[in-house]
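The values are calculated or read from the model by the stated rules, or taken from the named source; none is laboratory data. In this text the structure is predicted, and so the values were computed from the model without any measurement. Note that each Cβ is placed from the backbone with ideal geometry, even for glycine, and that neighbours are counted across all protein chains shown. Side chains are part of the model used for accessible areas, which takes the heavy atoms of the whole protein and leaves out ligands, DNA and RNA. Shrake-Rupley method; radii C 1.70, N 1.55, O 1.52, S 1.80 Å.
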Amino acid sequence: MLWYILKLLLLLPLLAGLVWGSLWLTRKMQARMVAPGGEKAARLVETTFLAPGIRLAVIEFRGREILVGATKQGLVRLAENDPYAARRQVMPADSREWEMG
């Protein structure tokens, strides 16, 4: 019985140290694996919980906002919006087209 307690007292801190070290190494490696240019391609804008296990998320990817439904079974794209589309519209050459009457 004494041998078992001695092994437990030696191996438990060793195991905890290995877990902590692997988590620390994972964080360090993730920081180095950022896309070239230092910027990520996708960004989580907002999440909303609807029910346990069901939520909505808005993801920005390459200048587009994508509404995604997330459940335990997977992800479903619900809608897509280009927030910069209004800025890219070209004004007509003849501004009188915009006048009423």
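List of remarks:
- For segment 53-71, filtered to residues that are open to solvent by 50 Å² or more (accessible area, probe 1.4 Å) and not in a strand (DSSP E or B), the residue that is modelled with the highest pLDDT is THR71.
- Remark: pairs (first residue in segment 54-71, more than 15 Å from ASP82 (Cα to Cα); second residue surrounded by 17 or more Cβ atoms within 10 Å (Cβ to Cβ) and polar (S, T, N, Q); Cβ separation under 9 Å; 6+ apart in sequence or on different chains) are absent.
- From the options TRP20, TRP3, residue that is at pLDDT 75 or above, surrounded by 10 or more Cβ atoms within 10 Å (Cβ to Cβ) and in a helix (DSSP H, G or I): TRP20
- Looking across segment 27-52, the residues that are at pLDDT 80 or above and over 12 Å from the mean Cα position of the chain (by Cα) come down to ARG27, LYS28, MET29, GLN30, THR48, PHE49, LEU50, ALA51, PRO52.
- Filtered by the rule that a residue be modelled with pLDDT under 85 and part of a loop (DSSP other than H, G, I, E, B), segment 72-90 gives ASP82, PRO83, TYR84, GLN89, VAL90.
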